[in-house]
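Working notes for the structure below.
Throughout, read-outs are computed from the coordinates displayed, never taken from laboratory work. What you see is a predicted model; the values in this text were computed from it and never measured. Virtual Cβ from ideal backbone geometry, glycine too; neighbours counted across all protein chains shown.
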Amino acid sequence: MKNLGAFEWTKSWARIRNIIVDANKTLESTNLRAKEADLPALPIGEAVGPIHLTLADVQTAGRGRAQNTWVSAPGALLSSWSARLAKPPQPILSPLVGLAVFQSLDRTFPGLPVSLKAPNDIYLGEKKLAGILIENIVAGNSVRTIVGLGMNVFAKPETIDATSLMDYVGEEDLIRLWPRFLEAWFSELRAALTAGQADSLEHSARYALCTALNRFPLLDEPIVEVDERGQIRSASRAWFWHEL
């Protein structure tokens, strides 16, 4: 089976699933493009509207948190997932989205050394695999959230110390399992966007976050708790996720 890259495989999956997709060979930034999208209205009684997917094969100015850039290689997933929300998202949305990516990978590729590094990085072993950028736009009664997800899938950039799924999974298996990951991620993302409108994390999410964080092999000391407000605690200190 020919390797078409994450861009083509993801675009094909989205169209088969009737997900609204704006696919571009080259973009400055998928998040910037997603801000211009005319999103479907929020259905009455729903917490999250239809998800709009923005894809790029190449980004000329990929963005990370703050002033950081996202460096990618050919074959990467360069994506932004946006939707209207019923209520403004709370600070707990960030850990919930990170957990959604972690769990989707962990369930699709069991046995891989996937971990979560707060506030927005996914690691494979001791090297970065993916990054997340969340942006919220609130104007009057209109609320939209954009979740940017960049992931090294079939290749990794040579200029930074990173890894890719291809380093751990054979090409045929990766092509076969990629739609399964997208299905898991799509479901987990909707759940995160819904739960992220609440004031506090549920106990199951707190436990899962603690597990995902403790898998990170470069931790200074184990995480003993993630509380209902998203505060991370180790034996010697405590800090809020959204302050990182």
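According to a simple spin-label model (label point 7 Å from Cα along Cα-to-Cβ), what is the distance in nm between residue 112 and residue 244?
Using points 7 Å along Cα→Cβ, the separation is 2.0 nm.
When you count, for each residue, the other Cβ atoms within 10 Å and take the mean per peptide, how do 231-241, 184-194 rank with the highest first?
Output ranking for 231-241, 184-194: 184-194, 231-241.
Can you order the peptides 93-102, 78-87 by their average number of other Cβ atoms within 10 Å per residue, highest first?
Final packing ranking: 93-102, 78-87.
How long are the semi-axes of the equivalent ellipsoid of the stretch 168-233, taking √(5λ) for every eigenvalue λ of the Cα gyration tensor, in whole Å from largest down?
Each semi-axis is √(5λ); the values are 27, 20, 7 Å.
How do 33-45, 204-216 rank on mean C-beta neighbours within 10 Å, highest first?
204-216, 33-45
Need one word for the chain: rounded, prolate or oblate. Basis is the Cα gyration tensor (sqrt eigenvalues a ≥ b ≥ c); a/c below 1.5 gives rounded, then a/b vs b/c decides.
Since a/c reaches 1.5 but b/c is at least a/b, the shape of the chain is classed as oblate.
If r is the Cβ-Cβ distance from residue 214 to residue 46 and R0 is 45 Å, what FRET efficiency results, to the nearest 0.05?
0.85
Could you pull out which residues in the stretch 11-43 have an amide N less than 14 Å from a spot 7 Å beyond the Cα of residue 194, following the Cα-Cβ vector?
Zone members listed by number: 43.
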